[in-house]
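I have placed the structure first, in the form of structure tokens, so that the comments after it can refer back to it.
Each value in this text was obtained by applying a stated rule to the coordinates, not by laboratory testing. In this text the structure is predicted, and so the values were computed from the model without any measurement. Quick reminder, even Gly has a Cβ in these numbers, built from the backbone with ideal geometry, and neighbours come from all protein chains shown.
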Amino acid sequence: MKDASSNSAAKKAAGEAAAELVRNGMVVGLGTGSTVAWTIKRLGERVREEDLDFCGVPTSFQAEQLAIESNIRLTSLNQHPVLDLAIDGADQVDINLMVIKGGGAAHTREKVVSCSAKWFVIVADQSKFVERLTWPVPVEVIPIAFRLTGRRLEELGGKPVLRQGLRKDGPVITDNGNFVMDVDFGTIEDPRSLAAKISLIPGVVEHGIFDNLDELYLARAGGMERIKRA
Ligand code: 5RP
């Protein structure tokens with residue numbers, strides 16, 4: 001069973017450690033979620049305390065609001081199509097650095113932003129690091145297509161569930177105006193092959209399998225481990 005307090009301490013440690021990667025003049029993708037929120041807050045402190053001069057590209061409304069509160073200068077991908085760095089959280093990372101993201105329904109923008117970056121870093125606590133991926137894959141779909149995409153995802157062996165809002169009063173709507181299906185595939189033997197098959201389904205905007213991670217900042221009980229792609 002997860003220990004919530006040590007988990008949140010680990011999230012803070014990983015998030016804050018990665019904030020030290022940012023240098024003057026950089027353009028940096030700012031991810032979504034409770035772990036990378038520590039990165040954004042720490043970057044805000046560095047702007048205040050050290051006059052750190054950089055621009056952020058937010059991956060969601062939530063990230064944008066936090067960056068504004070933290071006095072971080074923002075820009076867009078259309079103004080800066082190539083980012084120096086992107087930092088984000090994850091739902092699961094396996095030993096080959098394949099990743100599942102989208103717990104915050106932001107994976108479409110997160111993927112676009114991370115693929116625009118020269119270096120993509122994920123910050124996570126130890127509970128996210130696994131031998132093989134088992135987390136249900138978030139799939140963003142256009143609303144008119146969710147029944148068709150649901151059937152096609154079942155044909156791939158998945159069990160799709162339309163993600164509901166916290167008050168269960170309707171589906172979650174993404175920042176792009178779409179729905180999210182969480183699709184349980186059990187243990188995913190070949191994430192790249194599954195990713196390619198999901199991408200071919202009509203109505204799918206983007207799925208949460210990422211194969212572009214460069215470096216993982218993993219907060220373990222014994223300290224921070226940095227795992228780079230070989
Ligand atoms: C949002 C994400 C998040 O980064 C992921 O869900 C991890 O969140 P947290 O750091 O709160 O555990 O992919 O779409």
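Taking amide H positions as modeled 1.01 Å from N, with prolines and chain starts lacking one, the residues under 5 Å from LEU83 and 5 or more places away or on another chain are ALA117, LYS118.
Sorting the Cα pairs of the chain by distance into bins of 10 Å, from 0 upward, gives 8, 33, 36, 19, 3, 0 percent per bin.
Is the shape of region 135-207 rounded, prolate or oblate, going by the alpha carbon gyration tensor and its root eigenvalues a ≥ b ≥ c, with a/c under 1.5 for rounded and a/b larger than b/c for prolate? Mind showing how you got there, number by number?
Working: a/c = 1.93, a/b = 1.52, b/c = 1.27.
The shape class here is prolate.
Net charge around ARG229, counting only other residues with Cβ within less than 9 Å of its Cβ (Lys, Arg = +1; Asp, Glu = -1)? Result for the local shell: -1.
So if I place +1 on the C-beta of Lys and Arg and -1 on the C-beta of Asp and Glu, and nothing else carries charge, what would the dipole magnitude of region 135-207 be about its Cα centre? I want it in debye, nearest 20. List each step's numbers first, then the result.
Numbers: 9 positive and 10 negative charges, 44 e Å.
Here the size comes out at about 220 debye.
Taking a straight Cα-Cα cut-off under 18 Å and skipping sequence neighbours fewer than 8 places away in the same chain, the lysines within cross-link reach of LYS41 are LYS11, LYS12.
For the ranges 44-50, 12-18, 216-222, 193-199, what's the packing order if you count other beta-carbon atoms within 10 Å of each residue, average per peptide, and put the highest first?
On the way: 44-50: 13.7, 12-18: 23.3, 216-222: 17.6, 193-199: 15.9.
The most tightly packed comes first, giving 12-18, 216-222, 193-199, 44-50.
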